[in-house]
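S.K.: Got a structure for you, questions after.
The numbers here are math on the coordinates, done by the rules we state, and not lab data. For clarity, every value in this text was computed on a predicted model and none was experimentally measured. With ideal geometry, Cβ positions are generated from the backbone for all residues, glycine too; neighbour counts draw on all protein chains shown.
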Amino acid sequence: MSAQLISGVDLSRQMRQRIKEQTALLQTKGVTPGLAVILVGEDPASQVYVRNKVKACEEVGFHSRLERHPAQLSEAELLERVAALNGDPGTHGILVQLPLPAHLNAQRVIEAISPDKDVDGFHVSSAGALMTGLPGFWPCTPHGCMKMLESIGYKLRGRHAVVIGRSNIVGKPMAMMLLQQDATVTLCHSATQDLASHVRQADVVVSAVGRRNVVTADMVKPGAVVIDVGMNRDDQGKLCGDVDFEGVRQVASYITPVPGGVGPMTITMLLDNTLQAAQRSLS
Ligand code: GUN
């Protein structure tokens, strides 16, 4: 058996077309969604990510503003910028690109963002809303994974989902979203003993570790759905995920590729959150 691919590129194209249409409609009511992206320092990967986010905003008709600050920016100065954007009616979403330089306390900065503009979904108030099932912004990467499962008509109720990785950005919110859809969820992490025995039980596997070959074919139940959040480089410098794609695709029923899988969906869900923030500003 060879698994079917779930293309984040195709799904993103469809979703961004809808976002573009809804943006045009919102503009007839006098509102253009606006996203402010704050980048502190010169981290090369972060520079690529923020450029892609700003470009995606422009493509769907949003206003986007990229603020670049030197790595020496003080926390007080950064908090001042966040406060100014909180008060700016043309800015509906605020994103502070992580990681921040070590002298800045990322959680303190995130908590300074108004929850109404927290389109990353990283504020404790957004995390609490997800946990309790209240309305709020969901973190973009796990939300994109949920959309990919939805796109293949997958019903999670009663299924066993195994999430590998417990970060606040992906693993923990992913587990909450799967639970909300009535899956039985196992959250594995660096101290988990015998990872393979857990993964073998899974109908759905989500790997968000950031290391190559965490999931290999011998660990995957035949017919399982495998979602790969990893972004790594192989020995040739080529982009690859956490999953041994060539091996696992022989066993799984569906698999997401890297690149072209979860990556584009993360940005699509950021656009979706920003559109929602702009729509809510009207009501
Ligand atoms: N760094 C890596 N991924 C992300 C993300 O989704 N949002 C922010 N703000 N920083 C990141």
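S.K.: Show the residue pairs meeting these rules: Cβ distance below 6 Å; 6+ apart or different chains; first residue within the stretch 98-114 and on the phi > 0 side of the Ramachandran plot; second residue within 15 Å of the ligand (Cβ to nearest atom) and basic (Lys, Arg).
M.R.: So the pair list comes out empty.
S.K.: Checking residue 78 against (1) under 16 Å from the mean Cα position of the chain (by Cα); (2) surrounded by 14 or more Cβ atoms within 10 Å (Cβ to Cβ); (3) without any contact (Cβ under 8 Å) to a residue 60 or more places away in the chain; (4) within 14 Å of the ligand (Cβ to nearest atom), only one condition comes out false. Which one?
M.R.: Checking residue 78 against (1) under 16 Å from the mean Cα position of the chain (by Cα); (2) surrounded by 14 or more Cβ atoms within 10 Å (Cβ to Cβ); (3) without any contact (Cβ under 8 Å) to a residue 60 or more places away in the chain; (4) within 14 Å of the ligand (Cβ to nearest atom), the one that fails is (1).
S.K.: Quick one: residue 86 ticks every box in (1) within 13 Å of the ligand (Cβ to nearest atom); (2) in contact with a helix residue (DSSP H, G or I) (Cβ under 7 Å, 6 or more places away or on another chain); (3) farther than 15 Å from residue 273 by Cα bar one, so which box is it?
M.R.: In the conditions (1) within 13 Å of the ligand (Cβ to nearest atom); (2) in contact with a helix residue (DSSP H, G or I) (Cβ under 7 Å, 6 or more places away or on another chain); (3) farther than 15 Å from residue 273 by Cα, residue 86 misses (1) alone.
S.K.: Scan the stretch 28-64 for residues that are under 19 Å from residue 16 (Cα atoms), out of contact with any helix residue (DSSP H, G or I) (no Cβ under 8 Å at 6 or more places or on another chain) and not hydroxyl-bearing (Ser, Thr, Tyr) and jot them down.
M.R.: If the condition is that a residue be under 19 Å from residue 16 (Cα atoms), out of contact with any helix residue (DSSP H, G or I) (no Cβ under 8 Å at 6 or more places or on another chain) and not hydroxyl-bearing (Ser, Thr, Tyr), then 50, 51, 54, 55, 58 are the ones that fit.
S.K.: Moving to a separate point now. Please go through the stretch 177-211 and give me each residue that is in contact with a strand residue (DSSP E or B) (Cβ under 6 Å, 6 or more places away or on another chain), assigned to a helix (DSSP H, G or I) and of a type outside the set (A, V, I, L, M, F, W, C), ordered by number.
M.R.: Correct list: 198 only.
S.K.: Could you list, in sequence order, all residues of the stretch 119-143 that are under 18 Å from residue 93 (Cα atoms), outside any loop (DSSP other than H, G, I, E, B), within 11 Å of the ligand (Cβ to nearest atom) and not β-branched (Val, Ile, Thr)?
M.R.: Result: 140, 143.
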